[in-house]
Amino acid sequence: MKLAAALMRRAELQTQINELQTRLNNNARVQEGEKPAEAPTDLLASLDAAIAELDTLVTQINLTNAQTVSEGKPSRS
């Protein structure tokens with residue numbers, strides 16, 4: 001995956017994680033005897049998967065940035 005594509009995917013995942021967190025919070029609180037609009041366990045599973053993918057992606061981005069050389073010097077110097 002190219003760095004630009006990885007950065008775009010990172011932004012998408014961050015948005016998705018925020019949306020899932022909001023939906024999970026909204027569905028975790030319901031009146032007694034009522035059912036949530038969405039299953040909190042399904043939302044939590046989706047949130048966990050998105051966070052795991054983001055973690056992997058950020059690691060790959062950081063490794064790429066650490067290996068980048070500009071004008072004969074590593075970019076982190």
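Quick notes on this one:
- On Cα atoms only, tilt of 40-67 relative to the major axis of the chain in degrees: 10 degrees
- Principal axis dimensions, largest first and in whole angstrom, of the chain by Cα: 66, 17, 15
- On Cα atoms only, tilt of 3-28 relative to the major axis of the chain in degrees: 20 degrees
- Computed label-point distance, nm, for sites Ala37 and Ala66 using a 7 Å Cα→Cβ extension: 4.3 nm
Every number here is computed from the coordinates shown, using simple stated rules; none is lab data. Nothing here was measured: the structure is a model prediction, and the numbers come from that model. Glycine gets a Cβ as well: all are built from the backbone with ideal geometry, and neighbour counts include every protein chain shown.
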